[in-house]
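Trainee: Structure below; questions to follow.
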Amino acid sequence: MDGADGTKAAGTAGSAERTPAGSGADTAETGEASGTGDIPSGRKATVAKGGAGVSGGAGVSGGAGGAGVSGGSGGAAAPDTPDTSGTSGTSGPSGAGARDGAADAPAPGAGAGAEDDAVAAARADRARRPVVAALMLGMGLAAIDGTVVATAVPQIVGDLGGFAVFSWLFSGYLLAVTVTLPVYGKLSDTFGRKPVLVAGIILFLAGSLLCATAWNMAALIAFRVVQGLGGGALQGTVRTIAADLYPLKERPRIQAKLSTVWATSSVAGPALGGLLATYADWRWIFLVNLPVGAVALWLVVRHLHEPARPRPATRPRVDWAGALTVFATGALLLTALVQGGVAWPWLSAPSLTLLGASGALAALTVVIERRAAEPVIPGWVWRRRPIASVNLALGAMGLLMVAPTVFLPTYAQSVLGLGPVAAGLVLSVMTLSWPVAAALSDRVYNRVGFRNTAITGMSAALLVLLAFPLLPFPGAAWQPALLMLLLGAALGLFQLPLIVGVQSTVGWSERGTTTASVLFCRQVGQSLGAALFGAVANATLASRLAGAPMPGLPGDLDGVSRALQSPAALSSAATDYLRRAVATATDHVFVGAAGAAVLALLVLLVMAPRRFPVLDDGARGRPDGT
């Protein structure tokens, strides 16, 4: 997908505006295309048989895992003419195709027929399988370690102590993952995906081993941060390699697989953690990562072969000052959001100090990044309309996701009276419809475009979120479960087209940075949503409980949840009142989530281009003929 959008060789009528050769941008700053955006080039820009072996500039995304081909950064060349407009990558196939049996495209004039194309496609697919397996294992590790500790907290606290700070077992991991995403994205564009992914896996495994040897809570929290430093490389680089491996028309399939792994691992994490902590030892929660991660590491080292790129005229300069300020800004901001209203009041000195310091560091980061030769967060991430709009839209999605993932389990247990397992099942149905909708989304965006598909999905999500407050009290478990099934389908139709679309607007040399910026904004949105909706829920409960007809009731959401876990200690009237208060608070949170959905829709309608300037996959000369 490293060619320009509109190529005469592809028979298109118009082209995306092109940036100067060698910049790797490949898209206009405005993101408008005159006639070729959004449509997979595999359908409308077909390379003539025998002409797939085109060399080009922006590197070879397909070289990872078996495609072993290259594309052009500046534009698509005619089938028999090499593209010389780009200079940032390499030409010629050099990847797994040569080592793992992926056949190169036939030379011009070879007269390869449909049968030869099918054989080449089958070989390329077989060559990619080990890499895809490694990506799924890596994604599963990063996802499961975000939730696996939840049900083992009592055992960990009983062994190590430190109950007052145990929440940092989650917050420390989340902070490290989030703030390192932009750094790893830039490093993968500068030095290649493979070294970043290998380093991330090794760092993650080292953190897991250290966690298993922790001697107190402070050490365990510190080692969880080390795990998160590796997890950030896993999250961003895995999705970038997935985009490199597959042409546009096949990306929904691989991205849906990764979404399924992420969702399944996140839901299975607490159950696995509880089983290991109960029947073995909590340290096995981290030790089980070692064999799985070792397999993923071996598969990556053995089967992921990126094409050799020409040595640049000047040595790549890493913006370490920018990386440090980005890391510090994100750490302070997310700490303020995660701990505000929990560890200390929002208007207290710690909150104001952290927010003020993060604001000052953000200003310093902007100054440093403007002056840096190779900034960690380049200005074009926010100047190009397709990327900026997707960043903001997925940030809004991260905001609204807090409502179902954080507050629905509390609602299911406190209001519906379900146990922890049943409450988890109410939420987990969303993971059934999400990957299915994501996998089928290409049938929609092939017809109406990325933007309109995402608008359709978020509009449906808005209706689902607004329907939640209309549920009867107390209702039945199938009612919120049905809404979650619908919400998963809606968000699958929203998120994947935007990720595929924005990855398709940039060349190899910018895809890592682009993917990382999208994931970073989504993570920040989730942290902001947790803080914002937590404040909404507690304010609603405080208002309801202040006028309670009976004294002695708890004053916050956690206290109410604990009280409802032992309803025998409460009168029937008090129990009913508390349940209604939790239901009202959850309703308000879902209304707030609907507001986030409206924000996402406004971003897409106002900022996003009607058609994304998709680069032409046809110029990449992939063995599968796409």
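The values are calculated or read from the model by the stated rules, or taken from the named source; none is laboratory data. Because the structure is a prediction, the values reported are computed rather than measured. For neighbour counting, all protein chains shown are included, and Cβ atoms are generated from backbone atoms with ideal geometry for every residue, glycine included. To get the accessible areas, we keep the full protein, side chains included, count just its heavy atoms, and leave off ligands, DNA and RNA. Shrake-Rupley method; radii C 1.70, N 1.55, O 1.52, S 1.80 Å.
Trainee: Any chance you could look up the accessible area of LYS194 with a 1.4 Å probe, heavy atoms only, rounded to 10 Å²?
Mentor: It works out to around 50 Å².
Trainee: Report in % the part of the accessible area of segment 161-216 that belongs to carbon and sulfur, leaving out ligands and nucleic acids; probe 1.4 Å.
Mentor: C and S atoms contribute 82 percent here.
Trainee: Now for a separate question. Just to confirm my numbers, what's the Cα centroid distance between segment 372-404 and segment 492-518 in Å?
Mentor: 10 Å
Trainee: With a 1.4 Å probe and all protein chains kept in place, how do VAL436, VAL421, VAL132 rank by accessible area, largest first?
Mentor: VAL421, VAL436, VAL132
Trainee: In segment 486-532, which chymotrypsin sites (Phe, Trp or Tyr not before Pro) fall in coil by DSSP and have 16 or fewer other Cβ atoms within 10 Å?
Mentor: Passing sites in segment 486-532 do not exist.
Trainee: I'd like to check one number: the per residue accessible area of segment 207-326, probe 1.4 Å, reported in Å² as a whole number.
Mentor: 42 Å²
Trainee: Determine how large the accessible area of HIS588 is when every protein chain is in place; take a 1.4 Å probe and give Å² rounded to the nearest 10.
Mentor: 90 Å²
Trainee: Sticking with this structure for a sec: Checking the a/c ratio against 1.5 first, then a/b against b/c, what shape does the Cα gyration tensor give for segment 264-362?
Mentor: Oblate is the answer for segment 264-362, as a/c is 1.5 or above yet b/c matches or exceeds a/b.
Trainee: Considering Cα pairs under 8 angstrom that are at least six residues apart, work out the relative contact order of segment 167-262 and quote it in whole percent.
Mentor: 37 percent
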